[in-house]
Amino acid sequence: MHGIGNKNEVMRYKIILLFLAIGLQASAQYDSEGENKSRFRPGIFWYLTGYRPAIPGKVRKYDRIIFDVVYSDWMGDKKPFNNHWASMGFNTNVLFDIPLAPKNTVSLGIGLCYGFHTIRHNKNVTVDPSNSWTMISDSAMNSALQKSSFVGHNFSIPIELRFRTEGWKHFKVHLGGKIGLESNFYGKLKSSSGGKSARLDIPDFNRLTYGAYVRMGMRNWAVLASYNFNPMFSHSNSTKLNMFQVGFSISLF
């Protein structure tokens, strides 16, 4: 009986050691090129490796799904940062991350972006549909209106050069440009009596858009600034304004 008890004790210790070995193997930490530790996968989808396990030694890829929350404004004939703080919008970016250097410290990002933006300016807008020009007056908003804003939807192709330090807690800088199509841009007027909204069509909004942007941050968080080189309105008699955005970005994958 004493021998049987010793055998049981030995078996118990073997089982404990086996579980310890499995636990140590599962928690083994690789360097930034490793695959075993989930923290080396950036963003929220850390545990996503697809339909098969990740390949050891595979270069890490970053910033493939990026959401931007932005404040939109203008500069040119009208001064910036004089509009309402609620001029908010967002961008959804789906990008390929193409490594250009070992450990992916330099890469190229290219993909598609959808952007929704609004500029709440609370100024008087005069539109001449026959001559296709748009004027924005410095005078106070019409007393019959409660709110006045511009609303737009944009589809673009961003291309960016990405620089980052090594490791999962990397510092990053993205320098990019984009060209796109403004699919819908209009004015939105809200009456002070009854709160009803009306649409104001803008005859000369620029459908083709192009600009530059920069992201700077740590890991999957960044601040963003962008500027459109083309004016918002195309007619030579229209108010000359260029849209810009500032905000922050989060990378989910």
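Here, each number is a calculation from the coordinates, and none is a lab measurement. Here the structure is a predicted model, which is why all the values come from computation and not from measurement. Don't worry about glycine lacking a Cβ; one is built from the backbone with ideal geometry, like all the others, and counts go over all protein chains shown.
By the compact-protein rule of thumb, 2.2 N^0.38 Å, the alpha-carbon radius of gyration of the stretch 59-251 corresponds to a ratio of 1.15. Listed values for the stretch 244-253 are Karplus-derived 3J(HN,Hα) couplings in whole Hz (6.51 cos²θ - 1.76 cosθ + 1.60, θ = phi - 60°), namely 9, 9, 9, x, 9, 10, 10, 9, 9, 7, and x replaces Gly and Pro.
Of the GluC sites (Glu not before Pro) found in the stretch 150-233, those that fall in a DSSP loop while having at most 16 other beta-carbon atoms within 10 Å are Glu166. FRET efficiency for the pair Asn82 and Val246, taken as 1/(1 + (r/R0)^6) with r the Cβ-Cβ distance and R0 = 22 Å, rounds to 0.90.
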